Amino acid sequence: MKDYNMTTTRKFSTRLSRRVFLGAMGASVGFSGLPFNLRAAPKSPGRAIAFDSDALILADSTLSRNDGDWSPLPVPTPGDILSLATHPGRPGRILAGLTSGGVALSEDGGYGWEAKSKGLPDAPATAVTVAAAEPDTFYAAILGDGLWKSDDAGQSWALAMDRPWLAKAERDLTALASVDLATGMGGIWIYAGTELGLTRVPDCFCRWQDVQPGDAMDALVSGEPTPMEAPLPGGETIKALVSAPSLPTRLFAALPSGIWDSQDAGVRWSQKLNTRALGVAVHPNNADFVVAITGDGLIESRNGGMNWTALARV
């Protein structure tokens with residue numbers, strides 16, 4: 001057993017016409033009391049992770065579920081899973097983004113899958129999320145394309161927003177989270193990770209913007225965001241991003257530099273783990289219960305990342 005303590009494109013060319021014409025569319029506390037047994041965890045460190053109620057879903061080239069012990073699940077075909085999303089209001093519903101393109105949906109906790117890609121571009125779905133207030137509203141980030149939205153649980157899709165324009169190029173979205181935080185415009189936010197850091201867009205899809213303190217509407221109008229006090233480290237790809245359903249202003253991000261958390265919806269960030277992180281999930285009813293994927297396997301914290309405990313792979 002090992003203890004971890006806190007230390008501190010596509011080029012913009014052919015997409016221009018669509019941006020113009022279609023953009024408007026759119027602790028070591030140990031593992032006692034865990035609902036699953038990490039000693040039986042798969043040997044691979046995993047690529048994506050999510051809670052389905054108390055169960056944990058882990059995806060790489062295989063798919064596993066833990067309701068007390070790990071058991072294999074069928075993998076949506078073709079392709080591997082790049083991303084996972086669930087919703088606390090719909091236990092058993094799991095949305096998966098696929099390497100082969102498009103998304104798949106399970107309504108029974110991962111035991112059965114159905115393709116839900118009608119209208120999506122034929123390209124990998126690098127990130128998916130379910131709208132915090134609308135469990136039938138899905139979002140998918142499509143490699144080389146943009147952010148797509150479904151209002152009918154994946155039956156149909158439409159382009160919601162082109163990729164964000166950052167550092168003189170369009171950037172792919174590497175992580176998505178629907179954050180139940182008012183925008184001041186009658187909606188909530190979609191937060192996104194990129195290879196250069198964090199961005200967000202209101203769910204009216206008017207414009208990508210930096211996360212910042214102060215009034216978001218003022219920033220959108222002025223175009224001059226207030227500098228962040230403690231941002232995520234610049235130039236790092238955000239591998240995963242989650243908002244705690246029980247405390248939406250609590251965010252966790254997985255980066256090459258480790259696990260980071262914010263308690264004010266992304267304005268100020270602090271490092272909770274300083275080893276390479278590939279994925280992160282937070283329990284739907286406990287914002288302090290976090291499970292992360294590192295290069296060494298799965299680790300968990302029951303105190304919001306202050307202390308971590310991991311088990312050697314078996």
(message) Counting only other residues whose beta carbon sits under 10 Å from that of Arg93, what net charge do I get with K and R as +1, D and E as -1?
(response) -3
(message) Taking θ = phi - 60°, what integer Hz values does the Karplus form 6.51 cos²θ - 1.76 cosθ + 1.60 yield along region 157-165, in sequence order, with x for Gly and Pro?
(response) 9, 9, 5, 9, 6, 5, 4, x, 8
(request) Would you mind checking which residues have amide H under 5 Å from Gly258's amide H? H placed 1.01 Å from N; only 5 or more apart, or other chain. (result) Ala277
(message) If I take R0 = 22 Å and measure r between the Cβ atoms of Arg268 and Leu166 in this structure, what FRET efficiency does the formula 1/(1 + (r/R0)^6) give, to the nearest 0.05?
(response) 0.55
(message) Just to check I understand the Karplus step: with θ = phi - 60° and J = 6.51 cos²θ - 1.76 cosθ + 1.60, what whole-Hz values come out for region 59-76, glycine and proline as x?
(response) 10, 9, 6, 10, 9, 9, 10, 10, 10, x, 9, 6, 9, x, 10, x, 8, x
(message) For a 24 Å ceiling on Cα separation, which of these pairs sit above it: Lys239/Lys272; Lys149/Lys272; Lys116/Lys272?
(response) Lys149/Lys272; Lys116/Lys272
(message) Could you give each residue of region 134-151 its phi-based ³J(HN,Hα) in whole Hz, using Karplus coefficients 6.51, -1.76, 1.60 with θ = phi - 60°, and x for Gly or Pro?
(response) 9, x, 8, 9, 10, 10, 9, 9, 9, 4, x, 10, x, 9, 10, 10, 10, 9
(request) Report the local net charge at Asp80: Lys and Arg +1, Asp and Glu -1, summed over other residues whose C-beta lies under 13 Å from its C-beta. (result) 0
(request) Quick one: which residues, 5 or more positions from Leu181 or on another chain, have an amide H under 5 Å from its amide H? H modelled 1.01 Å from N in the peptide plane, none for Pro or chain starts. (result) Trp189
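Computed from the coordinates by the stated procedures, all read-outs in this text should not be read as laboratory data. None of the values given here were measured: they were computed from a predicted structure. Please note: Cβ atoms are built from the backbone with ideal geometry, for glycine as well, and neighbour counts cover all protein chains shown.
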